[in-house]
Amino acid sequence: MSQPFIPAYLKLLKSDELSLLVEQAYQHLEDCDLCARFCHINRRLTIKGAVCHMGEHATINSFGAHYGEEDPLRG
Ligand code: SF4
């Protein structure tokens with residue numbers, strides 16, 4: 001019998017590594033290079049200059065489990 005799927009983020013949460021990754025993500029928001037547009041604006045302060053028009057809190061259009069994706073993508 002196969003083991004139940006456990007998302008990688010749950011392992012990160014238990015190891016406290018998730019909080020470090022969150023901190024790094026906020027650092028990227030302050031000089032945004034999170035996509036190929038490389039706007040380098042502080043999204044925590046403004047959306048002016050952000051091609052995506054997203055501030056600190058992104059809008060998620062949809063989500064779903066895709067178990068067929070490669071391991072680095074599905075966690
Ligand atoms: S488009 Fe948005 S996510 Fe991409 S670099 Fe610009 S501000 Fe960051």
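The table that follows gives values for the structure above.
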{"item": "Calculated FRET efficiency for the pair Lys11/His66, C-beta based, R₀ 22 Å, to 0.05", "result": "0.70"}
{"item": "Folded to 0 to 90 degrees: helix 17-29 orientation relative to the chain principal axis, Cα", "result": "20 degrees"}
{"item": "Computed [θ] at 222 nm, deg cm²/dmol, the chain (DSSP H ≥ 4; -39,500 (n - 2.57); rounded to nearest 500)", "result": "-9000 deg cm²/dmol"}
{"item": "The chain: relative contact order as a whole-number percent, Cα under 8 Å and 6+ apart", "result": "19 percent"}
{"item": "Neighbour-limited loop hits for GluC sites (Glu not before Pro), the chain (at most 10 other Cβ within 10 Å; DSSP other than H, G, I, E, B)", "result": "Glu69, Glu70"}
{"item": "Debye, to nearest 20: dipole size of the chain, +1 on Lys, Arg Cβ, -1 on Asp, Glu Cβ", "result": "240 debye"}
{"item": "Debye intensity ratio I(q)/I(0), log10, the range 8-53, q values 0.13 Å⁻¹ (C-alpha model)", "result": "-0.37"}
{"item": "In nm, spacing of pseudo-spin labels at Leu21 and Thr46 (7 Å Cα→C-beta vector)", "result": "3.2 nm"}
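Bear in mind that the values in this text are calculations on the coordinates, not laboratory data. Predicted model only: the values in this text are computed from it and were never measured. Cβ: placed from backbone, ideal geometry, glycine included. Neighbour counts: every protein chain shown.
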